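Structure record follows, encoded as C-alpha cells.
No lab work stands behind these numbers, since they all come straight from the coordinates. Everything numeric here is computed off the predicted structure, so don't read it as measured data. Quick reminder, even Gly has a Cβ in these numbers, built from the backbone with ideal geometry, and neighbours come from all protein chains shown.
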Amino acid sequence: MRLFIKVGGRDKLISKAKDGGGFQTIEVLVTNNFELAVPEWERKDWLELYPSWDYRTLKADGMQCGALMALILQANPAAQGILDSFGKQLATIKKAAEEEAGVTKEILPGGMLKITDRDGNVFTRLPYPDEIKGN
C-alpha cells in the first residue's frame, strides 16, 4: 500500500496546528496502484508520504515462523497489538510450511503438544492459542 496526500494539504494542516487553530479537511489516497487510481494530468497534485515504506518478503520455514510467533505471544499487550496482523501472516505461513513438511500434532496428557514431521523430527512444547481452538 502506498499513501498519498494532495499537495499543499500537509503544509496547511501543519500551519493550522501551529497557530492553535482547528484542522481542515485534507485529501489522502491509499492505493496499491497510484498510476491506475489517478489520471496522469492530476498526478502532479499528489505527494507520496513515506515512499520508502514497502512490504518486504521474508523467507521462513515452519520452525522459524513458530519461533517468531512464540516471541510475539510473550510480548507485552501493546507490542502484541502492534504485531497482530504480522502474527496472523506468520500463522498462515507456518500452517503452509507444516503441511508441506507433513507435520502431525498430538496433545499429550498435561496439555503439551507433540509435533512430528514426516522425517521423524519430534518437538514438544506448549500449544499456541490458535492450536487450542483447533484453527
Pairwise label distance in nanometres, Leu47 with Leu29, each label 7 Å out on the Cα-Cβ vector: 1.5 nm
Low-density loop cleavage sites - GluC sites (Glu not before Pro) in the stretch 73-135, where at most 13 other Cβ are within 10 Å (DSSP): none
Net charge dipole size for the stretch 62-133 [Lys, Arg +1 and Asp, Glu -1 on Cβ; Debye, nearest 20]: 140 debye
Ala78 versus Ala101: modelled label distance in nm, points set 7 Å from Cα along the beta carbon direction: 3.4 nm
Low-density loop positions, trypsin sites (Lys or Arg not before Pro), the stretch 98-135 - DSSP coil, at most 15 other Cβ in 10 Å: Arg118
